[in-house]
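Notes follow the structure.
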Amino acid sequence: MSVTIKSADDIQRMRVAGRLASEVLDFIEPHVRPNVTTDALDRLCHDYMVGVQKTIPAPLHYAPPGYTPYPRSICTSVNHVVCHGVPGDKRLKAGDVVNVDITVIKDGFHGDTSRMFMVGEPSIQARRLSEVTFDCMWRGIRTVKPGAFLGDIGQVIQTLAESSGYSVVREFCGHGIGRKFHEEPQVLHYGRAGSGLKLQAGMTFTIEPMINAGKPGIRQLADGWTIVTKDHSLSAQWEHTVLVTNEGFEVLTLSAGAPPAPPA
Ligand code: MF3
Ligand code: CO
Ligand code: CO
């Protein structure tokens with residue numbers, strides 16, 4: 001399958017799915033507190049998606065080739081967990097930083113977004129890593145327009161991350177999204193300006209940089225899902241789903257509680 005161009009009708013449904021995904025993050029934010037288990041966060045989000053929004057949690061039982069079915073409805077990636085952290089009975093504690101990643105399906109279309117949350121008071125280093133990663137995501141988003149290249153996105157993200165003393169995870173990337181959770185193209189968070197696919201209006205994809213405080217290497221845990229930094233350094237991630245418009249971009253995963261874009 002190649003890159004899909006969304007129709008006006010598809011785009012309208014993507015807007016709804018995107019806003020709903022972001023609203024799950026708004027809903028869960030006050031619950032991300034010391035002593036809560038990530039399983040409790042999963043249960044709260046699951047019940048909100050299924051019971052209130054009437055959305056389908058896309059991660060639940062998701063099984064790409066080579067993976068066992070994902071056992072939860074959200075991903076919770078704490079501290080040195082890079083991505084795909086599986087909720088469990090471990091309790092969050094003050095000083096933890098956690099990425100919550102939500103993907104919902106509404107009316108056949110996916111919305112995919114994640115944010116970092118601080119539990120209690122984070123270290124200065126953890127806060128800075130999260131802020132730089134947020135800025136990396138937004139620099140990537142702001143390069144999106146028809147005629148730009150995927151490599152332009154990768155380059156601006158890599159440049160900011162590395163000039164801040166951090167490293168970019170190579171093994172996971174953003175992705176086309178629509179009727180399928182993961183569509184073409186792959187959206188790398190590193191690379192060279194002018195390389196790769198040329199963007200066209202109507203494309204929808206995620207930008208979701210994973211940035212490590214230490215070295216870029218990762219390791220997969222025995223559960224088959226959880227990805228951690230090999231050197232156990234902190235890792236951060238933010239994710240939005242974006243649409244390429246005639247004028248530039250539209251972020252589809254915004255809601256009342258989404259942090260505002262940083263100053264340009
Ligand atoms: N939401 C993740 C992404 O941004 C994918 C999670 S797959 C899951 O692409 F099965 F772990 F949920
Ligand atoms: Co994604
Ligand atoms: Co996601």
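The values are calculated or read from the model by the stated rules, or taken from the named source; none is laboratory data. The shown structure was predicted, so the numbers you read here are calculated from the model rather than taken from an experiment. Every residue, glycine among them, receives a Cβ derived from its backbone with ideal geometry; neighbour counts consider all protein chains shown. The protein model used for the area step is the full one, side chains on, heavy atoms only, and it has no ligands, DNA or RNA in it. Shrake-Rupley method; radii C 1.70, N 1.55, O 1.52, S 1.80 Å.
Quick check on my filter: what residues within the range 87-103 are within 16 Å of ligand 2 (Cβ to nearest atom) and either open to solvent by 10 Å² or more (accessible area, probe 1.4 Å) or free of Cβ contacts under 8 Å to residues at least 40 places away in the same chain (or both)?
From the range 87-103, those within 16 Å of ligand 2 (Cβ to nearest atom) are 99-103; that's our starting set.
The answer is D101, and nothing else.
Restrict the check to the range 227-239 and report whether at least one residue is farther than 29 Å from M118 by Cβ and open to solvent by 30 Å² or more (accessible area, probe 1.4 Å).
no
Do any residues in the range 162-181 that are over 16 Å from C136 (Cα atoms) have Cβ atoms under 6 Å from those of residues that are more than 13 Å from ligand 1 (Cβ to nearest atom) and open to solvent by 50 Å² or more (accessible area, probe 1.4 Å), where the two are at least six apart or on different chains, and which pairs are they?
Pairs found: G176/E184.
Do you know which of the residues in the range 66-83 that are open to solvent by 50 Å² or more (accessible area, probe 1.4 Å) and at pLDDT 95 or above is nearest to ligand 3 (Cβ to nearest atom)? It would help to see each step written out before you state the result.
At the first step, the residues of the range 66-83 found to be open to solvent by 50 Å² or more (accessible area, probe 1.4 Å) are 66-69, 71-72, 80.
With the extra rule that they be at pLDDT 95 or above, the set shrinks to 67-69, 71-72, 80.
On the way: Y67: 15, T68: 18, P69: 17, P71: 16, R72: 13, H80: 19 Å.
Applying the filter and picking the extreme gives R72.
Taking G151 as meeting all but one of (1) part of a helix (DSSP H, G or I); (2) away from ligand 2 (no atom under 14 Å from the Cβ); (3) over 22 Å from I5 (Cα atoms), write down the number of the exception.
(3)
Which condition does Q200 not pass, out of (1) touching a residue at least 24 places away in the same chain (Cβ under 8 Å); (2) more than 14 Å from ligand 3 (Cβ to nearest atom); (3) not in a loop (DSSP other than H, G, I, E, B), if it passes all the others?
Every listed condition holds for Q200 apart from (3).
Is at least one residue of the range 240-251 within 15 Å of ligand 2 (Cβ to nearest atom), in contact with a His (Cβ under 6 Å, 6 or more places away or on another chain) and closer than 22 Å to P122 by Cα? Quick ask: steps written out before the conclusion?
The initial filter retains those residues of the range 240-251 that are within 15 Å of ligand 2 (Cβ to nearest atom), namely 240-243, 251.
From what's left, in contact with a His (Cβ under 6 Å, 6 or more places away or on another chain): 251.
The next check asks that each one be closer than 22 Å to P122 by Cα; those that pass are none.
Taking every residue of the range 240-251 in turn, none turns out to be within 15 Å of ligand 2 (Cβ to nearest atom), in contact with a His (Cβ under 6 Å, 6 or more places away or on another chain) and closer than 22 Å to P122 by Cα.
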